[in-house]
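J.: Submitted below is the structure of interest, expressed as structure tokens.
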Amino acid sequence: MTIMLNGSDLTVTQVVAVARHGEAVALAPAAIAAMRQARTVVQEVLSTGEPVYGLTTGVGERKAYLLEQAERQRFNQQLVLNHRIAQGDAAPADVVRGAMVCLANSYAKGVTGVRPELAEMIVTLLNEGFAPPVRRLGSIGQGDLGPMADLAHGLITRSGFEVAENEGLALVSSNAFTTAWACIATADAASLLSVFDVAGALDLEAFGANLTCLHPVIEQTRPFPGLAATLHQLRLLLEGSYLWQPGAARFLQDPLTFRCIPHIHGAARDALDYVRNVLQVELNSSQSNPVVVVPERRIVSVGNFDIGPLAAALDFLRIALAPVVTSANERAVKLLQAPYSGLSAGLAARAGSPDDALSELAVAGHTITVEARTLAHPVSYELASSVKGEGIEDRATMAPLSARRLADMVQLCARVVAIELVVAAQAIDLRAPGELGLGTGRAYQMIRELVPFTQADGTLPADLEPLVDLVIQGDLTPTDPGRLNSDDRRIPCPHAGAEPGPDR
């Protein structure tokens with residue numbers, strides 16, 4: 001189904017659908033009409049010759065330079081070329097396509113003053129599957145000047161489109177690149193958080209945990225939406241699990257990283273919802289400068305390119321994800337340690353053997369977790385020095401860095417989850433507890449299709465990449481764990497020589 005762009009109701013889900021799955025887009029007729037009205041105002045203002053930033057004047061420290069009519073179009077063309085200062089490797093193609101749909105939707109709002117033909121050109125190339133190379137580094141978040149200049153140059157070169165007055169500035173001064181990356185990273189974070197739920201539920205079964213940590217009194221006495229949603233998800237995943245049977249729990253109280261899974265994941269869910277709300281506003285806002293005020297028949301200079309709310313929200317989400325990944329890693333470590341798990345050291349298939357078994361996975365987990373945690377450091381309060389613009393450009397949101405760090409953090413977290421899942425599956429095989437939950441049983445089967453049980457005298461799994469891919473794709477998360485076929489439940493069997501240690 002074609003997504004209609006009108007500048008008012010674009011969603012994160014739609015951006016991802018276009019960017020990753022090639023969903024078609026079109027400009028709403030009302031949006032085309034709004035763009036034409038705004039362009040009429042631009043033409044009126046241009047005819048007066050009055051100073052208007054970026055239309056009849058230069059930009060930045062050259063804003064006092066009044067452009068002659070004959071040089072305005074060339075100035076806009078040159079503006080794109082002069083801002084191609086981005087650096088580094090090319091951004092992912094889905095981020096570039098996301099930037100294209102965000103840019104077209106911002107034009108559809110009808111306040112940038114560009115011709116509808118510019119937005120139509122972007123939509124046409126988007127529907128053709130085109131994504132020009134755009135370097136990922138070089139934007140401080142006050143308009144993604146460098147990356148957007150790369151994008152604009154690629155679009156213009158491919159289409160042969162000739163920009164008119166104001167359009168060069170409208171192409172480069174948008175934050176569409178950051179906004180798109182934030183949409184994609186946020187969607188990936190949401191998928192990852194659901195997989196963290198699966199892994200956490202599997203950990204509970206692997207540990208022989210006490211399911212009073214999922215009692216309904218929790219959300220009744222602490223009514224956070226994210227907490228309630230997480231509790232609901234965990235109960236669905238563990239439906240039918242042996243842990244609900246009387247006497248199944250090994251301890252009266254489990255370590256906090258097990259007992260507080262609903263609270264840790266719930267806090268991240270609430271942060272995620274906050275980011276989604278900020279993105280919903282940002283996706284359907286004007287990020288341009290100047291802005292056409294059609295009712296007043298004038299153009300005003302503004303600071304709409306300052307996307308501080310998004311930069312701070314992305315910082316918040318990374319901070320909330322840090323306890324999720326550190327707790328996941330700690331649970332994996334606990335399962336590998338005999339005094340806590342009640343199983344053999346390192347989850348060795350033969351207790352008392354000199355085999356390292358899975359012990360060394362703890363080292364990899366710690367290393368990747370530390371790297372992920374460093375990416376949680378906030379960047380929205382960083383300030384680039386006023387190195388240009390005669391000191392006027394003295395403010396930076398650093399939103400692009402905030403978005404990139406979220407994307408990188410999600411990728412690292414996926415690897416920690418993969419290790420956690422392998423460890424949990426090994427512990428379940430050794431504990432042989434009985435029926436798993438409908439959701440956890442399905443996840444266990446999928447893990448074992450990719451990573452076999454580590455036998456006595458066996459070696460670590462040679463490659464976890466297939467499992468990492470499964471985590472990133474979100475396939476471990478059933479849409480409705482409570483309605484899975486009962487065949488997905490599994491009664492694990494003890495493995496030869498497995499001798500669990502004493503429960504404590």
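J.: If you take the beta carbon distance between Q253 and D9 as r and set R0 to 60 Å, what does 1/(1 + (r/R0)^6) give as a FRET efficiency, to the nearest 0.05? Write down the numbers at each step before the final one.
T.: Values: r = 47 Å, r/R0 = 0.79.
Here the calculated transfer efficiency is 0.80.
J.: Using a Förster distance of 41 Å, how high is the FRET efficiency between E68 and M1, based on the Cβ-Cβ distance and rounded to 0.05? Intermediate results must be reported in sequence, preceding the final value.
T.: Working: r = 48 Å, r/R0 = 1.17.
Efficiency, from the Cβ-Cβ distance: 0.30.
J.: A follow-up question, please. Work the Kirkwood hydrodynamic radius out for region 3-174: mean of 1/r over every pair of different alpha-carbon atoms, inverted, in Å. Could the numbers behind the result be given before it?
T.: Values: mean 1/r = 0.0614 Å⁻¹.
For region 3-174, inverting the mean 1/r across all distinct Cα pairs yields 16.3 Å.
J.: Now for a separate question. With angles folded into 0 to 90 degrees, how steeply does helix 308-336 sit against the dominant principal axis of the chain? Use alpha carbons for both and round to 10.
T.: 20
J.: In region 1-98, what GluC sites (Glu not before Pro) fall in a loop by DSSP, with at most 16 other Cβ atoms inside 10 Å?
T.: Numbers: sites: E23, E44, E61, E68, E71; in loops: E23, E68.
The qualifying sites are E68.
J.: At 0.36 nm per residue, and after removing the present C-alpha to C-alpha distance, how many nm does the segment from D394 to Q78 gain when stretched out fully? Intermediate values should be presented prior to the final figure.
T.: Working: separation 316, 0.36 × 316 = 113.76 nm, distance 2.41 nm.
Residue separation times 0.36 nm, minus the Cα-Cα distance, leaves 111.3 nm.
J.: Ok, one more. Please give the FRET efficiency for Q245 paired with I319, using the beta carbon to beta carbon distance and R0 = 41 Å, rounded to the nearest 0.05.
T.: Computed FRET efficiency for Q245 and I319: 0.60.
J.: Which order, highest average first, do 174-181, 401-408 follow once you tally other Cβ atoms within 10 Å for each residue and take the mean per peptide?
T.: So the peptides 174-181, 401-408, ranked by packing, come out 174-181, 401-408.
J.: Roughly how tilted is helix 12-21, in degrees to the nearest 10 and between 0 and 90, from the longest Cα axis of the chain?
T.: For 12-21 against the chain, the angle is about 90 degrees.
J.: Follow-up. Can you pull the semi-axes for the chain, root of five times each eigenvalue of the Cα gyration tensor, sorted largest first, whole Å?
T.: Values: eigenvalues 566, 86, 73 Å².
Sorted largest first and rounded, they come to 53, 21, 19 Å.
J.: Rounded to whole Å, give me the distance from the Cα center of region 96-137 to that of region 1-67.
T.: That distance is 9 Å.
J.: While we're on this one: How would you rank L358, L252, going from fewest to most other Cβ atoms within 10 Å of each one's own Cβ?
T.: On the way: L358 23, L252 7.
Arranged by neighbour count, lowest to highest, L358, L252 become L252, L358.
J.: Just going by the charge dipole of the chain, with Lys and Arg at +1 and Asp and Glu at -1 on Cβ, which of Q37, L236, H366 is farthest out on the positive end?
T.: Farthest towards the positive pole: Q37.
J.: For each of M4, M409, count neighbouring Cβ atoms within 10 Å of the residue's Cβ, then give the residues from fewest to most.
T.: On the way: M4 17, M409 25.
The most exposed by this proxy come first: M4, M409.
J.: Which of M148, M1 comes first, and how do the rest follow, when ranked by fewest Cβ neighbours within 10 Å?
T.: Values: M148 27, M1 6.
Arranged by neighbour count, lowest to highest, M148, M1 become M1, M148.
J.: In degrees, nearest 10, range 0 to 90: what is the angle between the Cα axis of helix 225-237 and the longest Cα principal axis of the chain?
T.: 50
J.: Restricting to Cα atoms and excluding each atom paired with itself, what does the Kirkwood estimate give for region 296-426 in Å?
T.: 17.6
J.: D475 to V293: extension gain in nm, 0.36 nm per residue of separation minus the Cα-Cα distance?
T.: Values: separation 182, 0.36 × 182 = 65.52 nm, distance 4.73 nm.
Gain in length upon complete extension: 60.8 nm.
J.: Simple spin-label model, 7 Å along Cα-to-Cβ: E449 to N127 in nm?
T.: 3.7
Readers should treat all values here as calculations from the given coordinates under stated rules, not as data from a laboratory. Keep in mind that this is a model prediction, so the values were computed, not measured. Glycine gets a Cβ as well: all are built from the backbone with ideal geometry, and neighbour counts include every protein chain shown.
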